[in-house]
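Quick notes on the structure that follows.
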Amino acid sequence: MNTEKLIGLAISENGLIFDPLSGHIFTSNAIGVLIINGLKEGKGVNEIKIAIFDTYDVAGKMIEKDIFDFMSQLINAGLIQEQVGH
């Protein structure tokens, strides 16, 4: 997963996300911000899932699917890229 574009994002505490390269503005909830920050730090899905469990009272079975769904949204927005052949 190529997450280089995430490094330049400006993220507010209330979930406003600004991409200075494209000028696009996105919004997210607190869990989405935690996922983005985890990806920026190079964390994997399991590490992010543990961070979410440690921070929020969420249902365990759905969280991994939610992480992958959110990552798909980041891919569609052009903020991360899947690496072909990995």
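The values are calculated or read from the model by the stated rules, or taken from the named source; none is laboratory data. These numbers were taken from a predicted model, which means no experiment stands behind them. Heads up, the Cβs are rebuilt from the backbone with ideal geometry, glycines too, and the neighbour counts pull from every protein chain shown.
The table that follows gives values for the structure above.
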quantity	calculated
Selected residue (criterion: farthest from Leu39 (Cα to Cα)) from residues of segment 64-82 that are of a type in the set (A, V, I, L, M, F, W, C) and assigned to a loop (DSSP other than H, G, I, E, B)	Ala77
Of all residues in segment 64-83 being over 10 Å from the mean Cα position of the chain (by Cα) and either buried (at least 19 other Cβ atoms within 10 Å of the Cβ) or polar (S, T, N, Q) (or both), the one that is nearest to Phe18 (Cα to Cα)	Asn76
Those helices (runs of 4 or more DSSP H) lying entirely in segment 1-63 with at least 1 residues among the aliphatic types (A, V, I, L, M) and loosely packed, with under 11 Cβ neighbours inside 10 Å	4-7
Residue pairs meeting the criteria (Cβ under 8 Å; at least 6 apart or on separate chains; first closer than 11 Å to Leu74 by Cα, in segment 2-13; second part of a helix (DSSP H, G or I) and not charged (D, E, K, R))	Thr3/Leu39; Leu6/Ile36; Leu6/Leu39; Leu6/Leu74
Extreme residue, modelled with the lowest pLDDT, among residues of segment 54-84 that are more than 21 Å from Leu9 (Cα to Cα) and in contact with a Lys or Arg (Cβ under 9 Å, 6 or more places away or on another chain)	Gly60
The lone exception for Thr27 - which of (1) touching a residue at least 12 places away in the same chain (Cβ under 8 Å); (2) under 16 Å from Lys5 (Cβ atoms) it fails	(2)
Residue list for segment 42-63, filter: basic (Lys, Arg) and within 11 Å of the chain's Cα centre (by Cα)	Lys43
Every pair of residues 6+ apart whose Cβ atoms lie under 8 Å, when the first sits in segment 35-63 and is without any contact (Cβ under 8 Å) to a residue 24 or more places away in the chain while the second is surrounded by 11 or more Cβ atoms within 10 Å (Cβ to Cβ) and part of a loop (DSSP other than H, G, I, E, B)	Ala51/Lys43; Ile52/Val58
